[in-house]
Every structure is written in C-alpha cells, then in structure tokens.
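Just so it is clear, none of the values below were taken in a lab; they were calculated from the coordinates. None of the values given here were measured: they were computed from a predicted structure. Cβ placement follows ideal geometry from the backbone for every residue including glycine, while neighbour counts extend to all protein chains displayed.
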Amino acid sequence: MTNARSWWGWGTDAAALSTAEVDELVARVATLLPRHDFTDHAPPPPDELPVPAPRIRVPDSLAAMVSSAVTDRLSHSRGKAFRDVVRNLQGDTSYVVDLVARPATEQDVVDVLDFCAGQGIAVIPYGGGSSVVGGVEPRLAGPSISLDLGRLDQVVEVDPVSRAARIQAGVLGPALERQLRPTGLTLRHFPQSFEFSTLGGWLATRAGGHFATLYTHIDDLTESLRVVTPAGVSESRRLPASGAGPAPDRLFLGSEGALGVITEAWMRLQARPRYGETVSVVFDEYAAAVAATRSISQAGLHPANCRLLDPAEAFIQAGEDAAGGLLILAFESADHPMDAWLDRALEITADHGGHAGARRARDADTEQRDASATWRSSFLRMPYQRDALARRSMIVETFETACTWDRFDALHAGVMTAAQDAIDRICGGGVVTCRFTHVYADGPAPYYSVYGPGRWGSTVAQWDEIKAAVSDAIAAHGGTTTHHHAVGRDHRPWYDAERPDPFAAALRAAKGALDPAGVLNPGVLVD
Ligand SMILES: Cc1cc2nc3c(=O)[nH]c(=O)nc-3n(C[C@H](O)[C@H](O)[C@H](O)COP(=O)(O)OP(=O)(O)OC[C@H]3O[C@@H](n4cnc5c(N)ncnc54)[C@H](O)[C@@H]3O)c2cc1C
C-alpha cells in the first residue's frame, strides 16, 4: 500500500478500506441483498491495458513539464464518479489523454495554451480530478493534453486587514488550509471531496461547501480571479462588491475549463469559528420536518448545518430510527456564543412536532477536534466504501438538484418515484434516500443516494439508465440539473434544455472570443 493517489478509484491506496472493513461492509449489505453476487473485481494492472501511444510531440521548451507515463495518462483521463471508477475497473481505455503537462508557473500555462491553440490540440484543465460529470475526460477523436495545475499550490499573499488571500489555483484543500492556519483565518470551504480537489476546480465548477446556508458556493467567497485564456490574461479588480455592469468573475466561475485556465484568485477569508452548538431533532412526519426546515431557512438564523435526512438516510447514515426524518442543526461563530440562535431554531422545530436530542456546545479547541472527527467519519470513508461496493457489482451513486419550496413536494415525489421505478426495473430492487445538503430562504438542495444490486459488466449502462430517468424527472418538476456537481459532459442534454437560448448564444460567442481555436476542454458547456 502506498500513499500515492489511486489511478482507478478514490483517494490513496493507503487510505482505502482494510480487508476487515470491506468484510464488515459486504456482510452488512449482504443481509439486505442475500442473493447478490459479491465477487470482487480487482483493478487491472494499468501497464497491461491497451493504451495507444501519444500522438503529440511537444517542443523542447515544454518537454520537461510533460509526462507520457501510462498510469499518469490513465489517472488523468477520468474523474471520480461511479461510472468512472467502474470503467477503470473494467480496463476500458476508450478515451485517454495523450500527455499530462504540469506547469510550474503561469508562463508555463500560457506556453502550453499557445502550443495547443497553434496545433489544434485539446487542453483539459485538471485540478484534483474529482469531477463527477465527465469534466476531465477527453471524449474526443483528436489528441489532447491534460493540464494538471497541481504545482501551482501556494497561498501567495494574505491581506489580514480585508481578510482575503491570493491563492494559486492548483492547491488541494488540506494544503490550502494548512498554509492559512498561522494567520488564524480560514477559507471555510469544505466540499466532501476537500482532500482531493483544488481551489481552481472549485471555482471552475462553482463547488458547494459543507455549510448549509449563507456562503454555500465558492462564488460567495471569491473576490477576484486571474484567468489565462488563449486571447490573453483576464484579471478582475479586488472589490467587496461592484455594480459596474455584468461581473467578469461571473463569466469564469463555473466555466469548467472551457473559457480559460484559472491560475489564481483572491479569496475572502473568515476567522476560525470558536463557538459552536449542535443538536439533532427527530420528527414523526416527513412533511412536518420539511416545514420546520423551511421555517428555519426563512428565519434569518443561517445555521452552519441544517441537514434534513429522510427516514432511510437517517437509518443508513446515522443509525437513527426516525419515522419522519432527522434534522441535524449546528450553529457556529468566531465572535459570539450561538445559544440564542439555537434556542430560536428549536422553538421552530418544536412548533412542528420535532423532538430535540441533547444540545452539544463546543469551545474553541474541542470544536476543531469534533468538527474534523465528525467530518472524517461521516464523509471521508464514503467514497472508499463506494469503490469497494462498485468492485462487487453494486450500483452506488448520488445525484442532486435544487428547487423552490413551492415545487419541492411535487419534485421530491416525482424524483423518488422515477428513481425507485428505475431501480426496480433495472436492478430488481434497491434503495433511494434523500438529504438536504443546503437550504435557502426560497428552496432546498435535495441530494439523493441510490443503492442497487447490479450485474458485472452492465453496471455503467444500468446506472446511465437510472440517471436519465431521474434527470428527466428533475427537469419535468422545475429543478436544476445540478446544484453543485457542475455540467461537464454528462449533464449536457439537461443543461442545454435548462439554459435560455439567448444566453446559450452569448456563451458560444464568449467561447469564440476567448478560445477561437476551440481547444479548451471541448464538449463541456458548449459545443
Ligand atoms: C466523493 C466526491 C465528493 C464530492 N463532493 C462534492 C461536494 O461536496 N461539493 C461539490 O461541489 N462537489 C463535490 N464533488 C465534485 C467535485 O469534487 C467538484 O466538482 C470539485 O469542485 C472539482 O474540483 P477538482 O479540483 O477535483 O477539479 P477537476 O475534477 O480536476 O476539474 C473539474 C472541472 O474544472 C475544470 N478545472 C479544474 N481546474 C481548473 C482551473 N484551474 N481552471 C479552469 N478550469 C479548471 C476541469 O477542466 C473540469 O472541467 C465530489 C466528488 C466526489 C468524487
């Protein structure tokens, strides 16, 4: 076991589940699915896979930053969605980048873009490679280079007065927070993929962090961006806010590598939280739990966590028997105790028939320990468990959306029915669960998990069929194709239908102006 990144699955080899953990997981799932075939399908040795030779010869000036190693190329050719992991396990080498380039400076990025634009070679910006929507996959006939920003990993400058920092885009979450720690400040953006995703990837996909309200997307924390495009470098001015026309940063946030390469950003920071209070509330009826969550989201309380788990999710993730669901509430602040906020939230849950458990207050030191311990146990192991089950022909995947509160009941019923029907038809049974990852005054972001017994060799096609059914149901009920997982290549049909036509025309024109040769991540967002 090494600490190297896994080429086929999540995280590192060293952190993957131990044999005992796998046995325990499989035994637990087998009690629910006694007839399922849990044969383990180990990843193939990458060097034995039929990977075509690179079709690109780079000039000497770029040679030192380029790798043609097979494992490097394979690991950069897919993200980390269930369908990526399974295709890797099956030794599917349909689309493989020709080379991986690792620029050490912004000038290196400019040089790679110049070379690729001149030669008509596709460039796919790569951060941590945790895309779940086909964002880093070269689904192209022509040659491609994966542009790995990982060497641009420094916090370059901190402005403690305005509480902001200039940070290079290729820094992974833990290294970013480690560099900020001496300042007492934090970016406080913790997506579940935090450990293996980068600032640039978060910005390019408009990632959603762990906190349920207020600053949910990375957009909210962005002060200015520096982006290298084939047409030149675009840098916006550092400002707390501006009404000067359409905002330049809005063009590049969520641009998924199709309009330029984000090389650095000034990000807004916050003081590290010192006060925190958390509590779980059990409900007898799901409708009452939803109503309570809506009231809290509209009361201006801004909880750090306001995660409503439906009964199945509460049972699987928290071991709680909650007939109407479980609401996990947390408040935190760097400045003042949060008791009054939690008091008011619990008045609201009580009005809706909620039964609150014991409140837990945390001081500065234990807050850090508790938060990281909870985060590690509840989030970090899940992708490794998914991989262990994917090797054993299980379909384990998630999808997410957001809608306004007035549409939620119909959307949720429609999506749950579509998902359950699809799993029953395609897998002969399975489970769908729901939790809210984020809540806004005007609507929630429901996040669904699917667990189904698949057939080895068919699980990707089976998942694709389930995903199409649920995406159609989301669209039919007025939800968005993604609240925070981005569009990539996989969400294109639903994204194209969702966006207004004049906007699509403007986006195509922007692509034409910034990337006239059409080499930047072809196929995502626009054709
Ligand atoms: C287990 C798991 C958990 C996840 N949890 C969350 C979550 O909680 N919240 C969430 O929002 N997402 C989540 N995701 C999805 C994924 O982590 C996010 O989309 C993340 O923002 C991608 O960051 P990355 O650095 O890995 O980017 P990559 O996957 O490398 O790239 C993603 C896209 O951004 C582009 N890109 C990357 N860097 C740059 C750059 N510097 N300039 C221009 N374009 C660039 C790429 O070309 C690609 O289109 C999860 C994924 C997994 C597998």
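List of remarks:
- Residue match in region 136-157 (condition: part of a helix (DSSP H, G or I) and more than 25 Å from the chain's Cα centre (by Cα)): no
- Subset of region 470-527 that is free of Cβ contacts under 8 Å to residues at least 40 places away in the same chain, away from the ligand (no atom under 16 Å from the Cβ) and of a type in the set (D, E, K, R) - its residue that is surrounded by the fewest Cβ atoms within 10 Å (Cβ to Cβ): Asp501
- Qualifying residue in region 58-67 (condition: polar (S, T, N, Q) and farther than 30 Å from Val450 by Cβ): yes
- Scanning region 57-88 for residues that are assigned to a loop (DSSP other than H, G, I, E, B) and buried (at least 18 other Cβ atoms within 10 Å of the Cβ) yields Val58, Met65, His76, Ser77, Arg78, Gly79, Lys80, Ala81.
- Hits in region 401-410 - residues which are within 14 Å of Asp442 (Cβ to Cβ) and either buried (at least 18 other Cβ atoms within 10 Å of the Cβ) or of a type in the set (Lys, Arg) (or both): Ala402, Cys403, Trp405, Arg407, Phe408
- Residues that are near the ligand (Cβ under 7 Å from one of its atoms) and in a strand (DSSP E or B) were ranked within region 175-225; the one that is surrounded by the most Cβ atoms within 10 Å (Cβ to Cβ) is Thr198.
- Scanning region 411-438 for residues that are of a type in the set (D, E, K, R), within 19 Å of Asp464 (Cα to Cα) and touching a residue at least 40 places away in the same chain (Cβ under 8 Å) yields a single hit, Asp421.
Listed here are the residues, each with its yes/no results for (1) on the phi < 0 side of the Ramachandran plot; (2) in contact with a Lys or Arg (Cβ under 9 Å, 6 or more places away or on another chain); (3) within 13 Å of the ligand (Cβ to nearest atom).
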| position | (1), (2), (3) |
| --- | --- |
| Pro43 | yes, yes, no |
| Ala53 | yes, no, no |
| Ser68 | yes, no, no |
| Val96 | yes, yes, no |
| Glu106 | yes, yes, yes |
| Asp111 | yes, no, no |
| Cys116 | yes, no, no |
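- Filter result for Ala169 (within 8 Å of the ligand (Cβ to nearest atom) and buried (at least 19 other Cβ atoms within 10 Å of the Cβ)): yes
- Qualifying positions in region 428-446 - farther than 15 Å from Leu214 by Cβ and among the β-branched types (Val, Ile, Thr): Val431, Val432, Thr433
- Listed here are the strands (runs of 3 or more DSSP E) enclosed by region 255-347 that have at least 2 residues being among the basic types (Lys, Arg), and there are none.
- Note on region 427-442: among residues that are outside any loop (DSSP other than H, G, I, E, B) and surrounded by 22 or more Cβ atoms within 10 Å (Cβ to Cβ), the one that is farthest from the ligand (Cβ to nearest atom) is Cys427.
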